[in-house]
Amino acid sequence: MSKVAAFPNDARSVKNARVELKTSAELKDMLREAAAAAGLDLSAFILNAALERAESVLDNQRRRQLSTQSWQQVNQLLSEPAAPTLALQALMRRKKDGRHTK
């Protein structure tokens with residue numbers, strides 16, 4: 001997973017939106033400890049973790065979306081299934097006749 005730069009040093013990156021959350025003192029202490037271990041302040045640590053998770057969720061969602069053309073192709077395949085192969089026909093005959101193969 002890519003490392004997200006939550007607080008770039010670029011002067012053009014204006015931080016003008018605020019995100020607030022409430023937690024227990026125990027969880028805050030754990031987050032501070034983890035942030036210190038990662039060499040980040042608490043805000044950068046939380047924002048990096050949230051951005052990494054957001055990227056993962058969005059990437060996963062995008063992989064499951066079909067283009068209009070792909071959706072039409074799936075629907076066409078479902079509405080017009082392929083004819084059974086000779087091997088499948090033979091297998092269906094054997095099952096119908098009560099013969100089982102291993």
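With θ taken as phi - 60° and the Karplus curve 6.51 cos²θ - 1.76 cosθ + 1.60 applied, the whole-hertz 3J(HN,Hα) list for region 77-82 is 4, 6, 7, 10, x, 5 Hz, x standing for glycine and proline. Over the Cα atoms of region 19-70, the radius of gyration divided by the Kirkwood radius equals 1.23; this is the Rg/Rh ratio.
What order, most packed first, do the peptides 42-55, 61-74 have when packing is the mean number of other Cβ atoms within 10 Å of each residue? Before the final figure, lay out the partial values.
Values: 42-55: 15.2, 61-74: 9.0.
By packing density, highest mean first, the sequence is 42-55, 61-74.
Extending 7 Å from the Cα toward the beta-carbon at both Glu80 and Arg63 defines two label points whose distance is 3.1 nm.
Rounded to two decimals, the Cα-based Rg/Rh of region 10-101, with Kirkwood Rh, is 1.41. Full extension of the chain between Ser13 and Ser56 gives 13.2 nm of extra length, using 0.36 nm per residue less the Cα-Cα distance.
Compactness ratio for region 42-87: Cα radius of gyration over 2.2 N^0.38 Å (N = residue count) comes to 2.13. Couplings 3J(HN,Hα) of region 55-68, computed from phi: 4, 4, 4, 5, 4, 4, 5, 5, 5, 8, 8, 9, 5, 4 Hz, in residue order, whole Hz [Karplus 6.51 cos²θ - 1.76 cosθ + 1.60, θ = phi - 60°; x for Gly and Pro]. Couplings for region 39-53, taken from phi via the Karplus curve 6.51 cos²θ - 1.76 cosθ + 1.60 with θ = phi - 60°, read x, 10, 7, 4, 4, 5, 4, 5, 5, 4, 5, 5, 5, 4, 5 Hz in order; Gly and Pro are left as x.
Only the coordinates and a few stated rules stand behind these numbers; no lab work does. What you see is a predicted model, and the numbers here were worked out from it, not measured in a lab. Positions of Cβ are backbone-derived with ideal geometry, glycine not excepted, and every protein chain shown enters the neighbour counts.
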